[in-house]
Amino acid sequence: MKVLLCGDFDGPARASWLTALQQALPEVQWLDLAQARDAHNASQVQAAVVANPPSGSLQGLPNLRLIQSLWAGVDRLLADATLPAGVPVARMVDPAMNAAMAQTALWAVLSLHRGYFAYARQQQLKQWHVHPQRRADEVTVRVLGQGQMGQAVTQRLLQMGYAVQGFSRSAGQPLLPFLADCQILVNLLPLTEPTRGVLDARCFAAMPPGASVVNLARGAHLVEADLLAALDRGHLQHAVLDVFQTEPLPNEHPFWSHPQITVLPHAAAMTDERSAAQVVAQNLRLLTQSGDAMPAYLHLVDRSLGY
Ligand code: GLV
């Protein structure tokens, strides 16, 4: 089987994906964009394994039967109007990535709960000052998004004894009342039109004074100016941000040096090439085994919903 592997990764990143994929699927012939476009190959390419490929990459492949994303969030992939309609799109659901996300969320919640970000600041200022110590079950955490990652995070925080509740848009729950007693908000929503800008002034105002925000999903969920205003007027206490409107975060951006913001470089949870290659292998094997029938692919995206 011929499969296109392409994305916005650099040479070494592609090579390392290729090694993992070749190990998981030795029977596949992996093509790059130029090879796939070759008149001899184009009609034989049955699947494309992609990491936010350049616009237009998947055109001219008449027998494409699967687009498998290496990214968990498919917002950028689906925003490409040239993506062939009618070809199933599967997203990455990588157990190692879910575990990594749960670790980052736990670190952020624990650090907020126990004041570790404040203590790090105090060390710079040589300040010896002890903050009150609350029990985990006194800390209310609200996890927005109950997909694979949101659920993994919710479970991990519950195990640690936090007072956690998950929010799912698809369950039709209204968001603002849900935030009324939220001390720590962790965002893991998919980025879609209805969730764009969801972390805005209205959302922050719905949270009690002293609450904190952890955004581990997409930069476009957050209205950056509203966050700065809520921190600066003392309503919000702290924000832990892994994702930004513009990445890498520009040098002159106020988030870098804000004392109440902790910046991560979109590193909360990276796809693990070894386990992700196994997920790709499962879907490509379903394709080869299905004959002419539509395979029952895993982790299919509903293109109308955007996730
Ligand atoms: C990372 O942000 C991903 O969507 O895989």
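The values are calculated or read from the model by the stated rules, or taken from the named source; none is laboratory data. No experiment lies behind these values; they were computed from the predicted model shown. Backbone-built Cβ (ideal geometry, glycine too); neighbour counts: all protein chains shown. Areas reflect the complete protein model, heavy atoms only, side chains present, ligands, DNA and RNA absent. Shrake-Rupley method; radii C 1.70, N 1.55, O 1.52, S 1.80 Å.
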Counting only DSSP beta bridges with both residues in the chain, tell me the antiparallel percent, nearest 5. 5
Whole-percent carbon and sulfur share, accessible surface of the chain, 1.4 Å: 54
Under Karplus coefficients 6.51, -1.76 and 1.60, residue-wise ³J(HN,Hα) of the stretch 26-42 in Hz, glycine/proline x: x, 7, 8, 9, 8, 10, 8, 4, 5, 5, 5, 6, 4, 3, 5, 8, 3
Distance between Cα centroids, the stretch 7-51 to the stretch 192-227: provide it in whole Å. 38
What's the whole-number percent of alpha carbon pairs in the stretch 1-41 lying beyond 13 angstrom? 53
Average accessible area per residue (Å²) across the stretch 1-147 - probe 1.4 Å, nucleic acids and ligands excluded: 48
Express in % the proportion of alpha carbon pairs of the stretch 72-122 at distances exceeding 12 Å. 74
Sort Tyr119, Tyr307, Tyr297 by accessible area with a 1.4 Å probe, largest first. Tyr307, Tyr119, Tyr297
The distance between the Cα centres of the stretch 102-141 and the stretch 162-181, in whole Å, is 23
In sequence order, what are the phi-derived ³J(HN,Hα) couplings for the stretch 138-146 according to the Karplus relation 6.51 cos²θ - 1.76 cosθ + 1.60 with θ = phi - 60°, rounded to whole Hz, with x for glycine and proline? 8, 9, 8, 10, 10, 9, 7, x, 10
Could you pull the Cα extents of the chain along its three principal axes, largest to smallest, in whole Å? 69, 39, 32
Counting only helical runs of four or more DSSP H residues, what would the 222 nm mean residue ellipticity of the chain come to if each run contributes -39,500 (n - 2.57) and the total is spread over all its residues? -9500 deg cm²/dmol
Summed residue charge, Cβ within 11 Å of Ala269's Cβ, Lys/Arg positive, Asp/Glu negative: -3
Which cross-chain or sequence-distant (5 or more) residues have an amide H under 5 Å from the amide H of Val139, H modelled 1.01 Å from N in plane? Ala163
Could you pull out every residue, at least 5 positions away or on a different chain, whose amide H is within less than 5 Å of the one on Trp71? Hs are placed 1.01 Å off N in the peptide plane, and Pro or chain starts have none. Asn52, Met92
With +1 on each Lys and Arg Cβ and -1 on each Asp and Glu Cβ, how big is the dipole of the stretch 25-95 about its Cα centre, in debye rounded to the nearest 20? 140
Taking H placed 1.01 Å from N in the peptide plane, check which residues at least 5 places from Leu31 or on another chain put their amide H under 5 Å from its amide H. Val3, Leu4, Leu5
Could you tell me the calculated FRET efficiency between Ala79 and Ala229, based on Cβ-Cβ distance and R0 = 30 angstrom, to the nearest 0.05? 0.60
May I ask for the percentage of alpha-carbon pairs in the stretch 123-190 that lie more than 20 Å from each other? 38
Once you charge only the Cβ atoms, +1 for Lys and Arg and -1 for Asp and Glu, what is the size of the charge dipole of the chain about its Cα centre, to the nearest 20 debye? 540
Tell me, what ³J(HN,Hα) does each residue in the stretch 265-270 have, in order and in whole Hz, if you take phi through Karplus 6.51 cos²θ - 1.76 cosθ + 1.60 with θ = phi - 60° and put x for Gly and Pro? x, 6, 10, 4, 7, 9
For the stretch 137-248, what are the per-bin percents of Cα-Cα distances with bins 10 Å wide, up to the bin holding the maximum? 15, 51, 31, 3
With Rg from the Cα atoms and Rh as the Kirkwood inverse mean 1/r over Cα pairs, the stretch 1-149 has an Rg/Rh of 1.19
